[in-house]
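Scroll down for the structure; my scribbles are underneath it.
Derivation of every value follows stated rules applied to the coordinates shown; laboratory data play no part. The structure presented is a predicted model; accordingly, all values stated were derived computationally and were not measured. Positions of Cβ are generated from backbone atoms using ideal geometry, with glycine treated the same way; all protein chains shown enter the neighbour counts.
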Amino acid sequence: MYKNWIIFVLFFSILPGCTKNETASDKLVESLPDIEGWQLVEQPKTYTEDNLFDYINGNCELYFPYGFVRLLSATYENPTNSDETLVVDIYDMGTPLGAYGVYSSMMHPDYAYSDVGCESIHSDQQVRFWQDQYQIEINCPQPFSNTQNLMKIVASSLSKNLPGCKVPKELSWLPEQNQEAHTLKYIADGFLGMSNMPGGFEADYVIDGSQGKGFVVKCNDKTEAQQLLTSYKESQKAFKDVDLQDKDTHFSSFHKYSGHVWAGVKGVWFYGALSKENPEICSDLANAIAGNLVAEN
C-alpha cells in the first residue's frame, strides 16, 4: 500500500510539467495559419534540444546559446501539385532577446526587409521574422510562380496568431545615432572572438565618413567588467608588434590585423569600439556609447 502511494504521488508530481510542455506545443500548433488551397502534409512535428540535430544536422549550435526551447515544424503542400511545398518552422527561443539574437545572426544591410512581426527578412525562397519569443522561418524548397507573395501572406497570417512584438530593452544599449541599419546584433557565444565573454551587442557605425563597430556587455558587477577588460587587453597583447596604450580603466591598441581598438569599463559596463580606418572614430564612438549607458553600481 505504501509503495503504491509513492508511485501515485510521483505520477502526479510529474504530470503538471508534462501538461505545461504539451500546452505550449499545442498553442504553437494552433498558431499555424490556414493557407487557402493548401494542406498540411502531416501532423506538425516538435523538436527539442535532444533531437533538433535530426532536423537541422550541423546547425544546432546556432540556436542553443540563445536559449532554444523547442521547434515546431509544419510542411504544407498544394494538393494539385505536390512539388509545391512550404515549410514553416517556429523556433521558441524562450525570450524575445533570444529570438532577436538568432534573427540578428542572419541580418545583413543589403537584404530586403519588411515590418512583418518585429521585423522580417525576405528572399526568393525564404521569409524570416522574429516576434515575442519566437523566430520564424518560412522556406520554399522549390520556387514556383507566386512563391514570394504566398510566403509573405503566410508570414503575415502567422504573425497575427502570435503574441505582439516585445522589443528587448537591451537593444537600446548602443546609441542609434550614426548606427547603420540592420547591423545591431546580439551575440550570445564567443563575443569579440573570445570564449570567456558573456553575450554582448555590436553594431556598425559611420561617423564623418569613417566606419567603425561599437560593442557593449553588461556584467554582473564592476569586478567582472574589469576582468573582461583585462582579458580582452591580454588578447590584444598576444599580437606580435601590437601598439597598446594602457590607461587602467581603458586601453587603446593598433595592430595591422585587428586594426584600431578602444575598450574600457564604466560601472558594470564593458564597452568599446573597433575601426580599420583610424583611432579617432574608436574614441569618438566609445564616448558616444558611454554617454548612452546608464551608470550602475
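Structural descriptor for the chain: relative contact order 11 percent, calculated from alpha carbon pairs under 8 angstrom and at least 6 residues apart. What share of Cα pairs, in percent, lie more than 21 angstrom apart in the range 169-292? Percent of Cα pairs beyond 21 Å in the range 169-292: 32. For the range 203-259 versus the range 95-174, the inter-centroid distance based on Cα atoms is 32 Å. Overall, the range 169-292 carries a charge dipole of about 240 debye about its Cα centre when +1 sits on the Cβ of Lys and Arg and -1 on the Cβ of Asp and Glu, all other atoms neutral.
Kirkwood analysis of the range 232-297, using all unique Cα-Cα pairs, places the hydrodynamic radius at 12.1 Å. Global dimensions of the range 56-136 from alpha-carbon coordinates: Rg and Dmax equal 13.6, 41 Å.
Of all the options Lys213, Lys27, Lys233, the one that moves most in a Gaussian network model of the chain with Cα springs shorter than 10 angstrom is Lys27.
Cross-link partners for Lys185 among the lysines, with Cα-Cα distance under 28 Å and sequence neighbours closer than 8 places in the same chain left out: Lys152, Lys160, Lys166, Lys169, Lys213, Lys218, Lys222, Lys233, Lys237, Lys256, Lys266, Lys276.
Compared with the alpha-carbon gap, the fully stretched path from Asp124 to Glu30 is longer by 31.1 nm at 0.36 nm per residue.
For the range 21-160, the ratio of Cα radius of gyration to the globular rule of thumb 2.2 N^0.38 Å stands at 1.00.
Note on Ser231, Ser283: ascending count of other Cβ atoms within 10 Å places them as Ser231, Ser283, the fewest first. Global size of the chain: 23.3, 81 Å for Rg and Dmax (C-alpha atoms, Rg to one decimal, Dmax whole).
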